[in-house]
Amino acid sequence: MPNIDWSVKGVEISACNCDWGCPCQFNALPTHGNCRASTAVEIERGHFGGTKLDGLRFGGLFAWPKAIHEGNGEAQPFIDARASEVQRAALLTIMSGAETEPGATIFNVFAATLAKMHDPIFLPIEFRVDRAKMSGSFSVPDIVAVKNGPIRNPVTGEPHRARVTLPQGFEYTEADFVSSATKTASGAAIALDWAAGHGHLADVHWTGNGPVR
């Protein structure tokens, strides 16, 4: 059981290099045989013990040479420049999968698949999301820019709404599936580059004991 009580409630924007829908969401192998991704979260309400995390943003760059569960992955965390030293330490602890019941959160699950952790980055994070329009974006200067938008009907061009429910998911319970465009810059330790990969937008509420549903 976690020794420190923590909670993060907010909105997640996620992007990966798989085709729309992302086979990983259904326990299938990744589209291109490897997984590359970037995610960011804006915290509506959060705490780590007595440390408040309200309003902060955080995320990371990720890459695995094969499927995620086969390991040998790498990650580069980034955290809001507005965070204090104590808040930075709290978010890095959460992202490392520590203070979490084994297998209960995406952080703890992913931690077991990573072979290399790059130094964290502390920079401003731009974050915008509009669930009604199925759009969202985030960027970190000189690191990464992600833009998510609706999948379009190839005939009419109209937005195609797709929503997936995972009642036992360790990342989210329900998410809007969208299209993502992602590009890293010179300051990134992990290179990402695609124009129409998978993306999803989800309300999240994580604790050390797992998602709150």
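The values are calculated or read from the model by the stated rules, or taken from the named source; none is laboratory data. Owing to the predicted nature of the structure, the values given are computational and were not obtained by experimental measurement. Glycine also receives a Cβ, built like all others from the backbone with ideal geometry; neighbour counts cover every protein chain displayed. Accessible surface areas use protein heavy atoms only, side chains included; no ligands, DNA or RNA. Shrake-Rupley method; radii C 1.70, N 1.55, O 1.52, S 1.80 Å.
For segment 11-27, a tally of residues being in contact with a Gly (Cβ under 7 Å, 6 or more places away or on another chain) and part of a strand (DSSP E or B) returns 4.
Taken over segment 112-124, residues that are more than 18 Å from A40 (Cβ to Cβ) and open to solvent by less than 40 Å² (accessible area, probe 1.4 Å) amount to 1.
Looking only at segment 56-89, residues that are more than 17 Å from M117 (Cα to Cα) and open to solvent by less than 30 Å² (accessible area, probe 1.4 Å) come to 4 in all. Whether any residue in segment 95-106 is in contact with a Phe, Trp or Tyr (Cβ under 7 Å, 6 or more places away or on another chain), of a type in the set (V, I, T) and under 16 Å from D54 (Cβ atoms) is what I want to check. For segment 95-106, residues in contact with a Phe, Trp or Tyr (Cβ under 7 Å, 6 or more places away or on another chain), of a type in the set (V, I, T) and under 16 Å from D54 (Cβ atoms): absent. Evaluation of H47 against the conditions (1) open to solvent by 30 Å² or more (accessible area, probe 1.4 Å); (2) part of a loop (DSSP other than H, G, I, E, B) shows that the sole unmet condition is (2). Of all residues in segment 181-213, those satisfying the criterion of being within 30 Å of G49 (Cα to Cα) and open to solvent by less than 60 Å² (accessible area, probe 1.4 Å) are H200, L201, A202, V204, H205, W206, T207, G208, G210, P211.
For segment 43-71, name all the residues that are under 14 Å from the mean Cα position of the chain (by Cα) and more than 23 Å from A189 (Cβ to Cβ). I43 - this is the single residue of segment 43-71 that is under 14 Å from the mean Cα position of the chain (by Cα) and more than 23 Å from A189 (Cβ to Cβ). Residue count for segment 83-103 under the criterion of being acidic (D, E) and assigned to a helix (DSSP H, G or I): the result is 1. Annotation: Q87 fulfils all but one of (1) out of contact with any Gly (no Cβ under 9 Å at 6 or more places or on another chain); (2) modelled with pLDDT of 95 or more; (3) under 20 Å from V146 (Cβ atoms); the unmet one is (3).
Could you tell me whether any residue of segment 29-36 is modelled with pLDDT of 95 or more, assigned to a strand (DSSP E or B) and buried (at least 21 other Cβ atoms within 10 Å of the Cβ)? Looking through segment 29-36, at least one residue is modelled with pLDDT of 95 or more, assigned to a strand (DSSP E or B) and buried (at least 21 other Cβ atoms within 10 Å of the Cβ). Looking at V164, V178 in this structure, which one is buried (at least 21 other Cβ atoms within 10 Å of the Cβ) and touching a residue at least 40 places away in the same chain (Cβ under 8 Å)? The unique qualifying residue is V178.
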